[in-house]
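Where a number appears in this text, it was derived from the coordinates with a stated rule and is not lab data. Everything numeric here is computed off the predicted structure, so don't read it as measured data. Because the Cβ atoms are built from the backbone with ideal geometry, glycine has one as well, and the counts that use them run over all protein chains shown.
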Amino acid sequence: MKAKDLVEEYLISGHGACPGCAMPVVMRHIYHTLGQDTISVLTASCLGTIVLTYPFSPTQIATYSTPFASAAAAASGIKAALDMKGRTQTTVVAIAGDGGTFDIGIQALSGAAERNDDFIYLCYDNEAYMNTGIQRSSATPWGAWTTTTPPASLKSQPKKDIVEIMAAHRVPYAATASIAYPEDFIRKLQKARDTRGFKFLYALSPCPVGWRFSSQNTIRLARLAVQSKMFPLYEVEEGDRYILSMEPDGVPVNEYLELQGRFSFLREGDLERIQEHVNHEWERLMRRIEVS
């Protein structure tokens with residue numbers, strides 16, 4: 001048995017993530033599923049900060065650090081180089097937060113998707129620019145507090161629907177995932193690994209610091225996001241075939257929101273507005289599933 005075969009953990013202790021951060025759990029699922037014959041591409045982000053701090057790193061996977069906007073471009077280049085060397089079995093995965101995906105990195109992401117480059121792109125979404133001070137991103141939900149959307153001026157735009165954007169590129173595979181449902185998460189990673197072409201995975205990553213909740217509630221919030229239909233679990237094949245992964249209980253969105261201090265400044269009628277929006281988006285998703 002080779003020494004590398006004895007490695008069971010590819011994200012070891014010593015990382016600098018905050019207590020209760022969901023991102024290390026996301027990373028462990030990725031690394032455990034894809035294995036050591038993987039090259040990961042990380043951007044400047046919370047993840048980049050805890051994994052790519054020279055000269056120490058808690059990751060045991062070959063990792064390439066790239067500027068904020070270019071995770072997908074770098075992954076495309078690495079995959080092309082591997083193919084030229086005949087290393088077609090090596091998996092390439094680009095991992096970025098919502099800022100590096102929804103906003104700063106969307107140009108390179110769209111280009112890679114349009115070319116159908118053969119790698120996995122995974123966005124872990126903590127719904128703001130947490131690493132630089134909790135500024136709002138286009139992934140921040142309507143009505144949420146951030147340092148740039150204070151109580152007098154809460155986020156007034158709806159969250160960008162990144163999965164629909166990727167589905168519109170007709171990529172072979174796109175899916176949402178949650179750390180509260182690891183079996184589903186791992187199955188989708190395996191499906192992405194075994195699918196040729198561009199694959200997009202989108203995982204919610206609750207953030208105790210930015211969302212203002214107790215670190216012991218990370219998994220609970222991840223589960224409530226799914227069960228309240230705020231973050232439905234589904235797959236999209238070839239941009240056209242929608243598959244529901246899990247039928248949620250449909251708990252009121254208030255059960256999800258009330259645990260987060262970032263929603264403590266909502267005004268009268270705001271909860272009802274959010275619930276109506278969630279119901280509307282769920283109905284849209286159901287119509288897509290029914291016609292698939």
### Task
Sort Met286, Met130, Met84 so the one with the fewest other Cβ atoms within 10 Å of its own Cβ comes first.
Met84, Met286, Met130
### Query
Which pairs, out of Lys188/Lys229; Lys159/Lys191; Lys159/Lys199; Lys79/Lys191; Lys85/Lys188; Lys155/Lys229, put more than 24 Å between their alpha-carbon atoms?
Lys159/Lys191; Lys85/Lys188
### Query
Using modelled backbone amide H atoms (1.01 Å from N, in-plane), which distant-in-sequence or interchain residues come within less than 5 Å of Tyr121's amide H?
Ala94, Lys199, Phe200, Leu201
### Summary
Restricted to the chain, the DSSP antiparallel beta bridge percent, nearest 5, is 30
### Task
Please arrange Ser215, Ser137, Ser65 by counting, for each residue, the other beta carbons lying within 10 Å of its beta carbon, fewest first.
Ser215, Ser65, Ser137
### Task
Tell me what the chain gives for mean residue ellipticity at 222 nm when only DSSP H runs of n ≥ 4 count, each as -39,500 (n - 2.57), the sum divided by the residue total, rounded to 500 deg cm²/dmol.
-10500 deg cm²/dmol
### Query
With a 10 Å Cβ neighbour count serving as the proxy for reagent exposure, in which order, fewest first, do Thr38, Thr88, Thr147, Thr101 appear?
Thr88, Thr147, Thr38, Thr101
### Task
Specify the inter-centroid distance of the stretch 259-285 and the stretch 112-182, based on alpha-carbon positions, in whole Å.
17
